[in-house]
1. For segment 25-49, what are the residues that are assigned to a strand (DSSP E or B), in contact (Cβ under 8 Å) with a residue 40 or more places away in the chain and not charged (D, E, K, R)?
2. Identify, by number, the condition in (1) in contact with a helix residue (DSSP H, G or I) (Cβ under 7 Å, 6 or more places away or on another chain); (2) buried (at least 18 other Cβ atoms within 10 Å of the Cβ); (3) closer than 25 Å to residue 136 by Cα that residue 45 doesn't meet.
3. Given (1) farther than 18 Å from residue 219 by Cβ; (2) in contact with a strand residue (DSSP E or B) (Cβ under 9 Å, 6 or more places away or on another chain); (3) of a type outside the set (Ser, Thr, Tyr), where does residue 92 come up short, assuming only one miss?
4. Could you tell me which of the residues 70, 80 is modelled with pLDDT of 95 or more, within 25 Å of residue 138 (Cβ to Cβ) and part of a loop (DSSP other than H, G, I, E, B)?
5. Considering every residue within segment 127-144, establish whether at least one is assigned to a strand (DSSP E or B), among the hydroxyl-bearing types (Ser, Thr, Tyr) and over 27 Å from residue 54 (Cα atoms).
6. Look at segment 192-217 and say how many of its residues are within 13 Å of the chain's Cα centre (by Cα) and part of a loop (DSSP other than H, G, I, E, B).
7. Could you please give the count of residues in segment 86-101 that are more than 25 Å from residue 138 (Cα to Cα) and either out of contact with any Asp or Glu (no Cβ under 6 Å at 6 or more places or on another chain) or in a loop (DSSP other than H, G, I, E, B) (or both)?
8. If you check 131, 122, which single one turns out to be exposed (fewer than 14 other Cβ atoms within 10 Å of the Cβ) and in contact (Cβ under 8 Å) with a residue 24 or more places away in the chain?
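The values are calculated or read from the model by the stated rules, or taken from the named source; none is laboratory data. This one's a predicted model, so the numbers in the text were calculated from it and none came from an experiment. Note that we place each Cβ from the backbone using ideal geometry, even for glycine, and neighbour counts take in every protein chain shown.
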Amino acid sequence: MLSLLAAMAVNAAAHCGYQGEVQAIGLAREPGRDQLVYCEYYLPTRNNRTRVLYYNPRGHRIAEKSLVTRPGEEPRNTPRPEVIQRDYRHGEERIVRRRDGQWEMRYRESRDSGWETESVDGNDIDVIDAGFDPFVRNNWDRLSAGESVEFKFASPLHGRAVTLRARKAECQGEAQGNLCLRIDLAQALLRMFAGHLYLVYGADQRQLQRFEGIVNLLDDRGESQRLRIDYFYQ
């Protein structure tokens, strides 16, 4: 049975138009505002593939992502799934997949742009996309104890693995009692020029409840955007 908050999320997400079965919903808003920017719908995993649909509040599907794990891998516990993400508005695509013991990263800015392709050694990537959630669960005790944990995150946008740092942060407002994390670049000098991410994980189920920062979906103009996403599970 849905909790009250989850039921409210389903009601809010209905305004984005998707009515099918889901295992999780994300509601993206501008920080400090209640206006909905888009909804994320995580569909039930089938044949090692989890589809994520992105709808705007006008009921239009604006993007789609597939998270693919190897046969025998548990999707919830896989920090390195293959990823294919397509934006239907301007044609941006981000792809990370296995190729002959390496990770191939492909990116194109729009449907009129050429592809940029790079390969990274299979051991040089720790986390891919939503695989950050199982990575957090695998390092829960270290992070809860206040230890800083570095990891290499696949960035098809940059064609390489970016070294990031996760560490415990002070929880804000109603997030008290959960595990709150700050994610930023590991290099001290570069941190001066880049923003950070703020994430809240529920202490009981160890699931992502809130994300604040630059999201992996561009706005209608094709520009990066900083949003707050609240997640609800069924």
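1. We begin by selecting, within segment 25-49, every residue assigned to a strand (DSSP E or B); these are 25-29, 36-42, 46, 49.
Narrowing the set further to residues that are in contact (Cβ under 8 Å) with a residue 40 or more places away in the chain leaves 25-29, 37-38, 40.
Of everything in segment 25-49, those that are assigned to a strand (DSSP E or B), in contact (Cβ under 8 Å) with a residue 40 or more places away in the chain and not charged (D, E, K, R) turn out to be 25, 26, 27, 28, 37, 38.
2. (2)
3. In the conditions (1) farther than 18 Å from residue 219 by Cβ; (2) in contact with a strand residue (DSSP E or B) (Cβ under 9 Å, 6 or more places away or on another chain); (3) of a type outside the set (Ser, Thr, Tyr), residue 92 misses (1) alone.
4. Values: 70 fails: modelled with pLDDT of 95 or more.
When all the criteria are applied, what remains is 80.
5. For segment 127-144, residues assigned to a strand (DSSP E or B), among the hydroxyl-bearing types (Ser, Thr, Tyr) and over 27 Å from residue 54 (Cα atoms): absent.
6. Of the residues in segment 192-217, 4 are within 13 Å of the chain's Cα centre (by Cα) and part of a loop (DSSP other than H, G, I, E, B).
7. Our first condition is that a residue be more than 25 Å from residue 138 (Cα to Cα); within segment 86-101, this holds for 86-94, 99-100.
Okay, now just the ones that are also either out of contact with any Asp or Glu (no Cβ under 6 Å at 6 or more places or on another chain) or in a loop (DSSP other than H, G, I, E, B) (or both), so 87-94, 99-100.
The qualifying residues number 10.
8. Details: 131 fails: exposed (fewer than 14 other Cβ atoms within 10 Å of the Cβ).
None of the other options fit; the residue is 122.
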